[in-house]
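Asker: Okay, handing you the structure first.
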Amino acid sequence: MEEGIYELEPIHSEASGWQIRVGDKGLILSKAADQLPGNFELCPVSCYRADGTPLFTKLAFQKLLDELGEYWGRGEILQLQIESKAIPYSYQACQIPSYS
């Protein structure tokens, strides 16, 4: 996703379950560790294996959804700011850039 500030909104469907819409076209969602996020998809991760593969993406997503749900329950508007910054990854598998 491009740098910017995006409004977050919880969405639910029978086919996909809970997801969080980011702006007009992005999503925060849970995926299995063997599935790569697609364009405009963000997947929370709790930790990484030694080879760099993510662990507990479903748990991380549920924790995020629970935390944000408290604010949505009070009627608050939540926003996410996305910035591009170089990150000194320690895992070789994470050093492949996922942005253009």
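The values are calculated or read from the model by the stated rules, or taken from the named source; none is laboratory data. Everything numeric here is computed off the predicted structure, so don't read it as measured data. In this analysis, Cβ positions are derived from the backbone assuming ideal geometry, glycine residues included, and neighbour counts consider all displayed protein chains. The accessibility values were calculated without ligands, DNA or RNA, using every heavy atom of the protein model including side chains. Shrake-Rupley method; radii C 1.70, N 1.55, O 1.52, S 1.80 Å.
Asker: Please work out if Leu42 is open to solvent by less than 40 Å² (accessible area, probe 1.4 Å), modelled with pLDDT under 95 and not β-branched (Val, Ile, Thr). Can you show your working first?
Answerer: Working: open to solvent by less than 40 Å² (accessible area, probe 1.4 Å): no; modelled with pLDDT under 95: yes; not β-branched (Val, Ile, Thr): yes.
So Leu42 does not fit the description; no.
Asker: Could you grab me the full set of residues in segment 6-20 that are under 18 Å from Pro44 (Cα atoms) and surrounded by fewer than 16 Cβ atoms within 10 Å (Cβ to Cβ)? Spell out how you get there, then give the answer.
Answerer: Pass one, segment 6-20, residues under 18 Å from Pro44 (Cα atoms): 6-12, 16-20.
The answer is Glu7, Glu9, Pro10, Ile11, His12, Ser16, Gly17, Trp18.
Asker: Residue check: is Gln35 open to solvent by 80 Å² or more (accessible area, probe 1.4 Å) and not hydroxyl-bearing (Ser, Thr, Tyr)? If you could, list the steps in order and put the result at the bottom.
Answerer: On the way: open to solvent by 80 Å² or more (accessible area, probe 1.4 Å): yes; not hydroxyl-bearing (Ser, Thr, Tyr): yes.
Yes, satisfied.
Asker: Consider Cys43 against the criteria (1) closer than 19 Å to Ser84 by Cβ; (2) in contact (Cβ under 8 Å) with a residue 24 or more places away in the chain; (3) touching a Lys or Arg at 6+ places or on another chain (Cβ under 9 Å): it satisfies all of them except one. Which criterion is unmet?
Answerer: All conditions pass for Cys43, except number (2).
Asker: Scan Pro54, Pro10 and give me the residue that is touching a strand residue (DSSP E or B) at 6+ places or on another chain (Cβ under 9 Å) and farther than 23 Å from Lys85 by Cβ. Steps first, answer last, please.
Answerer: Working: Pro54 fails: farther than 23 Å from Lys85 by Cβ.
When all the criteria are applied, what remains is Pro10.
Asker: For residues in segment 45-100 being open to solvent by less than 50 Å² (accessible area, probe 1.4 Å) and among the small types (Gly, Ala, Ser), which is modelled with the highest pLDDT?
Answerer: Ranking the candidates gives Gly69 first.
Asker: Do you know which residues across segment 17-38 are of a type in the set (S, T, N, Q) and touching a strand residue (DSSP E or B) at 6+ places or on another chain (Cβ under 9 Å)? Don't jump to the end; show me each part of the working.
Answerer: Taking segment 17-38 as the starting set, the residues that turn out to be of a type in the set (S, T, N, Q) are 19, 30, 35.
Those that are of a type in the set (S, T, N, Q) and touching a strand residue (DSSP E or B) at 6+ places or on another chain (Cβ under 9 Å): Gln19, Ser30.
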